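Colleague: Mind having a look at this structure? Questions to follow.
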Amino acid sequence: MWTYALKRLLALVPTLLAISFVVFFMIHLAPGDPAQSILGERATPEALAMVRHQMGLDRPLHVQYFIYLGDVLHGDLGRSISTHEEVAVELSQRFPATLELALASMLFAAFVGIAAGIYSAAKRGTWVDGITMVGALVGVSMPIFWLGLMLILLFAVQLGWFPLSGRFTSGMSIEPITHLAILDSLLRGRPDVAWDALKHLVLPAVALGTIPMAVIARMTRSSVLEILGQDYVRTARAKGLPEWKVVLKHVLKNSFIPILTVLGLEFGSLLGGAIITETIFAWPGVGRYLLLSVEARDFRAVQAGVMMVASLFVMVNLVVDLLYAVFDPRIKYS
Amino acid sequence: MTKSLRLRRVFASISLVSSLAIKQLPILFLISLLAFAAGCGKGGSKSGGAAADGPTFVMGRGGDSPGLDPAHETDGESHKVCDNIYDNLVQYTDSTTEIEPGLASRWEHTPDNLSWTFHLRQGVKFHDGTPFNADAVVFSMARQDSMFHNPFNNVGGPYTYWQSMSMGSIIRDVKAVDDSTVVFTLRHPNAPFLANLAMNFTSIVSPTGVKKWGPEFFKHPVGTGPFKFEEWVKDDHITLARNEGYWNGTPAIARLVFRSIPDNTVRYLELKKGNLQGMDGIAPDQVQPIRDNKDLVLLTQAGMNICYLAMHNDKKPFGDPRVRQAVNLAIDKKAIVETLYRNLAVAAVNPMPPVVWGYNKSITPYPFDPARARELLKQAGFPNGFKTKLWAMSVPRPYVPEPQKVAEAIQANLKSVGIDAEIVSTEWKTYLDKTQAGEHDMCIMGWTGDNGDPDNFLFTLLDKTATRLPAQNLAFYRSEKYHQIVVEAQNESDQAKRTALYEQAQQVAHDDAPWVPLVHTSALFAQPRNISGFHLHPTGKERFYRVRFE
Amino acid sequence: MWHEYWKELKKSRPAMVGAAILFVFIVLAFAGPQLAPHDPLAQNLYHRLEKPETGHVLGTDELGRDILSRIFYGARISLEIGFVAVGIALLAGSFLGLIAGYYGGMLDMVIMRLMDLMLAFPSILLAIVIVAVLGPSLTNAMIAVGIVVIPQYARQVRASVLSLREEEYVTAARALGASDMAILFRSILPNAIPPLIVRTTLGMATAILDAAGLSFIGLGAQPPTPEWGAMLSHGREYILEAPWVLTAPGVAILLVVIGFNLFGDGLRDVLDPRVGD
């Protein structure tokens, strides 16, 4: 199993290389360049030439690419063209915010989705089942920015249960260690800040987690229904085991594989939702950063960001594949 | 408060233990959450940062600052933070573009206008303790141009404004005569030079700070201004703390926080909830609700900008001045100002805004007269109009918050005189690229003034030398007569004579009509009623040092 | 065969609800311009943001345009988005999947590695970069949304081909000397179609949502196009003062996407009884 994992990770290297190549040339295919984006209305020929020169943009493309590649191999991702900051620093500050959001939304999606799916399956055909499934259907069918705004209006403005936007209440912040707000606050001995950060996390996590939640609920329901009809479950029931034990012991365990698949796949598509969620909720994450970087033609930032997200995607799916073997002993990797 | 203090102590000890036993973190986490849920209920937490005697002012805006080194930054979001960290030798008064003493308490120049001596304020210190003196002034200028051979010329990226304001071709030398006297020597007399020294890029930076941080200075800014840099969480907030003993008066607020909230609606909701003490980037449609809100005040300021419709004079029908005048007559600026700008702009008459001196008030604007426009088109040989392309950017710019809607309104106006304009829309970078290459027939564009000099509008945007690609003169207007006037005005040092020349240039531009000058927008700022002491500035500077809570 | 599927499908209530929604939607897409009471582009700046009432059943938007008319016209655009985006993915994906699965070897390797590469690329970012290269417009948004899902179709078709390649009737055709193309398009493709129909139907829903997302970040439909996603995202500024401006397009998107999802689920139960992934 470990050699399998290692092989998969090694296969990541050529993938990343290819990605960096594709991103570099696609960004350069796009019209406009960073120098122009900075100078804007003031782009006189002299100023453009000077700025391009100072940014190293006046060299031939392939030379720029190989210089970049050389730097990357030395562990230097370069400085962002639009913000002067090292791309590695930019990403390391923003990625934890997105990770925190993504984990919270997956937790929400998994718990609520699985619970709703099981409950719905157990009450198959009743009005509870109907409502849950219609709810799940609406969840997958709603544009995420609409949902986000509705959540803000209802829970932040009308009811005042949660803060509107941001990661902390203004004036409250914590000196970062990991840049994970809740963890850092606890490590610094500030549970009040952690509580504040947690409250800020709820609405964006729900907005981002709704689609995966709905997918998981539907998936859980159908796989639980399938397993409930299987012989060994009937046997277990016939033996007089209480219904909840049957569900927990046999059904849940066996319905985990398809759920796991969904988790892996949805995690990959989270970034798309993250760009929108981060914009609505003023969440300082990597999704919005990448969007702005594409707009600024900041190819170093885009390349590094895409490579990072791609690695993460591959690794999450590797973990998912490895977990298959844990939940189903019939699956073996060699 | 005492309860939460006590609890905080309890949890401080718990988390001390927790750092020893990381494995139990999740459990401790749950416990602390439960305890707090029970202990404080909702909203029970208070800021526990370092002691701050005085209120915190939170300002909401659409995006983060790329950096805080005033010489490198080119965007408004960076400048508005720098405005509060740094000072200049001279500065604009609180609400006009007139120049007043800043770090230089007085100055004089030789009769030939070539040598300018600045006498510096005594006893001023940078936030890092470095004394402010003539060397700091020389350093702040010299690092921006390679001709001075300053070792920091290659550090931190391009000095874009120094380039685009042509400082290298204006200044011959900057020398420290003694600790408190600096002399600038110019290559030729240049009227706008003094105003350039009030712009962000000529702010005085701490030489010690630049030497210490090198390329990282942009996130460790050190100036002499009313606020010192304290903290920056990218894309979230920048916190500044007041500079005790600031030479121009210690600010009343203890902290100034700039929060980035990209979505307009959400930012407005935060203001309404009382979480912000100020907000810019207000959409025209938010104006009425803000005005109707008893707790909020809307500040407006006529801006130093223009939004215009350039007609490419080299492209087929627009070579004929009658066609260009017809377009001027066909567009209902009043409706655009009233509906799309919600009266937060004034209809433009000339290619420069009235807040800049030298504005020609005697020009009669083209009226909205579609019948006359059709007549002119008929005379020009287009009785049935023609087809053309109208370019509009897809992103808001300071002078046109809703470019698409403006384009649609113009499109409808043109349609009524028979001109069939197809809207071509691209995002900003592509848009600049293609319009500056002259690919458009007509395009919506604009300009925000730099230093408050008419030259910065009339020469920069309409002189024939500005048609060189990438062009600034998007009308590709090549009048020889106009060229001679604006160049003469550049070399003239007497302001009264310059005024006369610029008024003449505006008349020529009015008759030739290379553009439809559309509007000059006003800057908007919303704040709660209990805040005072903040003025919007024509240049867009946002200085908060006189702000107070009532 | 198709008749049987339909009989089966008719038994599913959700699928029929979906079919009904889609029927209305398609009618609107074709007859919308005839049904619309006003010109969807006609502005009346003095009648901005008017409440829904007689004259304007769904109210007017920020430029005084009739929202109902814009919704009617928008139906065709949404249908177009679905068809163009899914069409691109379906054609390119099936072609790549077919030849990769049928020929195998080096060709298969190259194609599938390329597909893996695209899969590892965060799809929204790929779409954003594609739009950055092509320029923001509705057409380019459709193309981008289509391109990013190509790998899903390619993988599915390839899997079908692999399992069908060794079926008896295919070996029989091969023994009879049929050409590769004939085998691919006459024997294999028709049998790979049922699961593809399911994916296509559900893909329409995703495409409409993705295009709306691109509109939100300013890279989708450009004004004055009455595309629902663009209407919804431009309308969000008026959420407090004139909520009807964004409610109408929001509900329209929601209903159509629900329609495609319900119908697609129903089709899956009938055509592709395995639990889908």
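Colleague: Quick check on segment C:234-251: of everything there that is free of Cβ contacts under 8 Å to residues at least 60 places away in the same chain and under 19 Å from the mean Cα position of the chain (by Cα), which residue is surrounded by the most Cβ atoms within 10 Å (Cβ to Cβ)?
Modeller: Among them, the one singled out is C:250.
Colleague: Let me ask something else about it. Going by what's in this entry, would residue C:166 be described as within 18 Å of the chain's Cα centre (by Cα) and of a type in the set (Asp, Glu)?
Modeller: no
Colleague: Give segment B:162-175 a look and list any residue that's modelled with pLDDT of 90 or more and either open to solvent by 30 Å² or more (accessible area, probe 1.4 Å) or at the interface with chain A (Cβ under 9 Å from one of its Cβ atoms) (or both), or say none.
Modeller: Hits for segment B:162-175 are B:172, B:173, B:175.
Colleague: So, one more: Just checking, how many residues over segment B:90-106 are open to solvent by 50 Å² or more (accessible area, probe 1.4 Å) and free of Cβ contacts under 8 Å to residues at least 40 places away in the same chain?
Modeller: Final tally of qualifying residues: 5.
Colleague: Ok, one more. Please go through segment A:83-125 and pick out each residue that is open to solvent by 40 Å² or more (accessible area, probe 1.4 Å) and of a type outside the set (A, V, I, L, M, F, W, C).
Modeller: A:86, A:92, A:93, A:119, A:123, A:124, A:125
Colleague: Tell me the residue from B:417, B:424 that is over 28 Å from the mean Cα position of the chain (by Cα), of a type in the set (Val, Ile, Thr) and not in a helix (DSSP H, G or I), please.
Modeller: Testing whether each residue is over 28 Å from the mean Cα position of the chain (by Cα), of a type in the set (Val, Ile, Thr) and not in a helix (DSSP H, G or I) leaves just B:417.
Colleague: Show me the helices (runs of 4 or more DSSP H) entirely contained within segment C:158-277 in which 1 or more residues are within 8 Å of another protein chain (Cβ to nearest Cβ).
Modeller: In segment C:158-277, the matching helices (runs of 4 or more DSSP H) lie at C:189-216, C:228-235, C:244-271.
Colleague: Okay, next question. May I ask you to verify whether residue B:275 is touching a residue at least 24 places away in the same chain (Cβ under 8 Å), under 22 Å from residue B:79 (Cβ atoms) and either surrounded by fewer than 23 Cβ atoms within 10 Å (Cβ to Cβ) or facing chain A (nearest Cβ under 10 Å) (or both)?
Modeller: no
Colleague: Can you give me the ranges of the helices (runs of 4 or more DSSP H) entirely in segment C:1-112 with at least 1 residues that are hydroxyl-bearing (Ser, Thr, Tyr)?
Modeller: Because the criterion is at least 1 residues that are hydroxyl-bearing (Ser, Thr, Tyr), the helices (runs of 4 or more DSSP H) in segment C:1-112 that meet it are C:2-10, C:67-103.
Colleague: Scanning for something over 25 Å from residue B:266 (Cβ atoms), modelled with pLDDT of 80 or more and open to solvent by less than 40 Å² (accessible area, probe 1.4 Å), does segment A:228-239 turn up at least one residue?
Modeller: no
Colleague: Of the residues B:392, B:407, only one is part of a strand (DSSP E or B), open to solvent by less than 60 Å² (accessible area, probe 1.4 Å), within 22 Å of residue B:351 (Cα to Cα) and in contact with a strand residue (DSSP E or B) (Cβ under 9 Å, 6 or more places away or on another chain); which?
Modeller: B:392
Colleague: Is there a residue being within 11 Å of another protein chain (Cβ to nearest Cβ), under 20 Å from residue A:267 (Cα atoms) and crowded, with 20+ Cβ neighbours inside 10 Å anywhere in segment A:161-180?
Modeller: No - not one qualifying residue is present in segment A:161-180.
Colleague: Could you please find all residues in segment B:538-548 being surrounded by fewer than 20 Cβ atoms within 10 Å (Cβ to Cβ) and not basic (Lys, Arg)?
Modeller: Answer for segment B:538-548, where residues must be surrounded by fewer than 20 Cβ atoms within 10 Å (Cβ to Cβ) and not basic (Lys, Arg): just B:540.
Colleague: Okay, moving on. Filter segment B:255-267 down to residues that are open to solvent by less than 10 Å² (accessible area, probe 1.4 Å) and of a type outside the set (S, T, N, Q) and give me whichever is modelled with the lowest pLDDT.
Modeller: B:263
Colleague: Within segment A:273-290, which residues are part of a helix (DSSP H, G or I) and crowded, with 24+ Cβ neighbours inside 10 Å?
Modeller: Selection gives A:273, A:274, A:275, A:276, A:277, A:278, A:280, A:286, A:287, A:288, A:289, A:290.
Colleague: Further question: Return a yes/no flag: does segment B:299-311 have any residue that is buried (at least 24 other Cβ atoms within 10 Å of the Cβ), touching an Asp or Glu at 6+ places or on another chain (Cβ under 8 Å) and in contact (Cβ under 8 Å) with a residue 12 or more places away in the chain.
Modeller: Yes, segment B:299-311 contains a residue that is buried (at least 24 other Cβ atoms within 10 Å of the Cβ), touching an Asp or Glu at 6+ places or on another chain (Cβ under 8 Å) and in contact (Cβ under 8 Å) with a residue 12 or more places away in the chain.
Colleague: Can you tell me which of (1) outside any helix (DSSP H, G or I); (2) open to solvent by less than 40 Å² (accessible area, probe 1.4 Å); (3) at pLDDT 95 or above is the one residue B:198 doesn't meet?
Modeller: With respect to (1) outside any helix (DSSP H, G or I); (2) open to solvent by less than 40 Å² (accessible area, probe 1.4 Å); (3) at pLDDT 95 or above, residue B:198 is out only on (3).
Colleague: Going residue by residue through segment B:135-149, is there one that turns out to be open to solvent by less than 30 Å² (accessible area, probe 1.4 Å), assigned to a loop (DSSP other than H, G, I, E, B) and touching an Asp or Glu at 6+ places or on another chain (Cβ under 7 Å)?
Modeller: Taking every residue of segment B:135-149 in turn, none turns out to be open to solvent by less than 30 Å² (accessible area, probe 1.4 Å), assigned to a loop (DSSP other than H, G, I, E, B) and touching an Asp or Glu at 6+ places or on another chain (Cβ under 7 Å).
Colleague: Residues of segment B:54-101 being of a type in the set (Phe, Trp, Tyr) and within 11 Å of chain A (Cβ to nearest Cβ), which ones?
Modeller: B:57
Colleague: Answer with yes or no whether residue C:215 is free of Cβ contacts under 8 Å to residues at least 24 places away in the same chain and surrounded by 21 or more Cβ atoms within 10 Å (Cβ to Cβ).
Modeller: Spelling it out, it is not the case that residue C:215 is free of Cβ contacts under 8 Å to residues at least 24 places away in the same chain and surrounded by 21 or more Cβ atoms within 10 Å (Cβ to Cβ).
Colleague: For residue A:202, state whether it is assigned to a helix (DSSP H, G or I) and either under 15 Å from residue A:117 (Cβ atoms) or within 13 Å of chain C (Cβ to nearest Cβ) (or both).
Modeller: No, not satisfied.
Colleague: If residue B:346 passes every condition in (1) among the β-branched types (Val, Ile, Thr); (2) open to solvent by 10 Å² or more (accessible area, probe 1.4 Å); (3) in a helix (DSSP H, G or I) but one, which one does it miss?
Modeller: (3)
Colleague: Would you mind finding the one in B:351, B:383, B:401 that is away from chain C (no Cβ under 14 Å) and under 16 Å from residue B:445 (Cα atoms)?
Modeller: B:351
Colleague: So for segment B:292-313 (the condition being in contact with a helix residue (DSSP H, G or I) (Cβ under 8 Å, 6 or more places away or on another chain), among the basic types (Lys, Arg) and farther than 30 Å from residue B:475 by Cβ), does at least one residue qualify?
Modeller: So far as segment B:292-313 goes, no, none of its residues is in contact with a helix residue (DSSP H, G or I) (Cβ under 8 Å, 6 or more places away or on another chain), among the basic types (Lys, Arg) and farther than 30 Å from residue B:475 by Cβ.
Colleague: Further question on the same structure: Suppose we filter C:142, C:115 for residues that are touching a Pro at 6+ places or on another chain (Cβ under 8 Å), touching a residue at least 12 places away in the same chain (Cβ under 8 Å) and either open to solvent by less than 30 Å² (accessible area, probe 1.4 Å) or not hydroxyl-bearing (Ser, Thr, Tyr) (or both); which single one remains?
Modeller: Residue meeting the stated conditions: C:115.
Colleague: Just checking, which of A:130, A:160, A:125, A:171 is in contact with a strand residue (DSSP E or B) (Cβ under 8 Å, 6 or more places away or on another chain) and free of Cβ contacts under 8 Å to residues at least 40 places away in the same chain?
Modeller: Within the list A:130, A:160, A:125, A:171, the selection yields A:171.
Colleague: I've got another one for you. Say we look at segment B:492-550 and pick out the residues that are within 18 Å of the chain's Cα centre (by Cα) and in a strand (DSSP E or B); which of these is farthest from residue B:310 (Cα to Cα)?
Modeller: The extreme case among them is B:526.
Colleague: Looking at segment B:415-431, which of its residues are open to solvent by less than 10 Å² (accessible area, probe 1.4 Å) and touching a Ser or Thr at 6+ places or on another chain (Cβ under 8 Å)?
Modeller: B:419, B:421, B:431 - these are the residues of segment B:415-431 that are open to solvent by less than 10 Å² (accessible area, probe 1.4 Å) and touching a Ser or Thr at 6+ places or on another chain (Cβ under 8 Å).
The values are calculated or read from the model by the stated rules, or taken from the named source; none is laboratory data. The structure presented is a predicted model; accordingly, all values stated were derived computationally and were not measured. Because the Cβ atoms are built from the backbone with ideal geometry, glycine has one as well, and the counts that use them run over all protein chains shown. Keep in mind that these areas ignore ligands, DNA and RNA; they rest on the heavy atoms of the full protein, side chains included. Shrake-Rupley method; radii C 1.70, N 1.55, O 1.52, S 1.80 Å.
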